[in-house]
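The values are calculated or read from the model by the stated rules, or taken from the named source; none is laboratory data. Computed from a predicted structure; not experimentally measured. Every residue, glycine as well, gets a Cβ built from its backbone with ideal geometry; the counts of neighbours run over all protein chains shown.
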Amino acid sequence: MKHLLTLQDLSQKELFDILDLASELKAEVKAGKKHEKRLDGKTLGLIFQKSSTRTRISFEVGMYQLGGYPLFLSGNDLQLGRGESIKDSARVFGRYLDGIMIRTFKQSDVEELAEYSGLPVINGLTDYCHPCQVLADLLTIKEYKGGFEGLKAAYIGDGNNMANSLIVGCLKAGMSFAAGTPKDYAPHEKVLDFAKGYGDKFTLTENIYEAADKADVVFTDVWASMGQEAEAEARKKIFAGYCIDDKLMSVTNPGCMVQHCLPAHREEEITDKVFEAHAKEIFDEAENRLHAQKAVIYLTMTDEAYKK
């Protein structure tokens with residue numbers, strides 16, 4: 001696996017290989033073992049043009065645990081912030097680093113970085129997709145449910161980068177998927193075109209109860225993402241009612257999980273009561289960012305199979 005740019009680029013086997021390795025790496029940690037330093041001498045550049053909690057910490061800790069060096073690169077400090085082109089910066093990064101993780105706005109910047117750097121590139125988030133988060137989500141579902149076949153996932157809220165990656169990841173894993181979004185806030189057209197290939201396993205609706213009906217896992221995200229702060233008040237009116245609450249959960253299957261990529265705006269996209277009732281699942285999901293990302297780092301930055 002050369003890069004992780006979008007989940008659409010992965011085969012189902014590659015997707016499952018990441019999840020299987022993430023499970024192995026997590027098991028080593030839970031058993032009190034330290035990973036072999038297989039990335040000793042390697043440096044992963046971490047470019048942040050958007051602020052972060054979980055992405056930054058999990059990538060820095062993950063790279064350290066694998067024996068490599070994580071180099072934090074703030075977008076404000078790089079010449080990228082002063083107008084240097086992506087392709088010129090990429091050519092320089094390629095001469096210094098062994099891999100790049102970037103968290104930014106435009107998907108095209110990630111693609112261009114991969115094209116010109118000659119390095120493995122990991123998409124830590126763009127406005128289009130959030131593949132690393134969804135890998136952690138799938139790992140959490142696998143742990144709680146034992147697999148994916150026959151399960152239904154539902155997403156309630158804005159058809160944003162999280163919705164885009166969840167649709168792709170869950171369908172590829174073998175689940176059915178229903179997205180409940182307002183009419184003008186549907187997922188990206190490219191993702192909807194992808195989902196058409198799965199026939200009746202995918203549903204898009206404005207009715208949140210239709211989306212959540214008999215769901216085994218329900219996802220949500222904030223109504224206003226980074227860069228949309230000026231729209232926050234208007235979005236509160238548009239998304240009023242697109243909330244995970246007791247009434248919504250009553251139409252899901254018994255034992256339905258709730259997942260939230262965090263940070264959460266309680267009493268907006270999810271009530272405090274539902275959040276706390278599912279807090280263990282949500283914070284297991286947050287922890288799994290570390291293990292899933294270690295798997296991605298390893299599989300993109302080495303050519304060898306992971307052996308204990």
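Before we move on, is F59 surrounded by 13 or more Cβ atoms within 10 Å (Cβ to Cβ), among the aromatic types (F, W, Y) and over 28 Å from K142 (Cα atoms)? No. Out of all the residues in segment 161-179, is one or more in contact with a Gly (Cβ under 7 Å, 6 or more places away or on another chain) and either outside any helix (DSSP H, G or I) or assigned by TED's automatic domain parsing to the domain that holds G227 (or both)? The answer is yes, given that some residue of segment 161-179 is in contact with a Gly (Cβ under 7 Å, 6 or more places away or on another chain) and either outside any helix (DSSP H, G or I) or assigned by TED's automatic domain parsing to the domain that holds G227 (or both). For N123, the test of being touching a residue at least 60 places away in the same chain (Cβ under 8 Å), within 30 Å of K26 (Cα to Cα) and assigned by TED's automatic domain parsing to the domain that holds G227 is failed. In summary, strands (runs of 3 or more DSSP E) completely within segment 1-117 and bearing 1 or more residues that are out of contact with any Leu (no Cβ under 8 Å at 6 or more places or on another chain), not assigned by TED's automatic domain parsing to the domain that holds M175 and not charged (D, E, K, R) occur at 69-74.
When A179, A195, A163, A154 are screened for being touching a Leu at 6+ places or on another chain (Cβ under 6 Å) and buried (at least 17 other Cβ atoms within 10 Å of the Cβ), only A179 passes. Pairs meeting the criteria (first residue in segment 244-263 and more than 25 Å from A224 (Cβ to Cβ), second residue surrounded by 22 or more Cβ atoms within 10 Å (Cβ to Cβ), beta carbons under 7 Å, at least 6 apart or on different chains) are V251/A212; T252/A212; T252/A215; T252/V218; N253/A215; C256/A215; C256/V217; C256/V218.
Against the condition modelled with pLDDT of 95 or more and charged (D, E, K, R), how does E231 come out, does it pass? Before you say what the answer is, go through the steps one by one.
Values: modelled with pLDDT of 95 or more: no; charged (D, E, K, R): yes.
The answer is no for E231.
Screening the candidates K280, K237, K214, K307 for the property of being modelled with pLDDT of 95 or more, over 26 Å from F48 (Cβ atoms) and over 23 Å from the mean Cα position of the chain (by Cα) yields one hit, K214.
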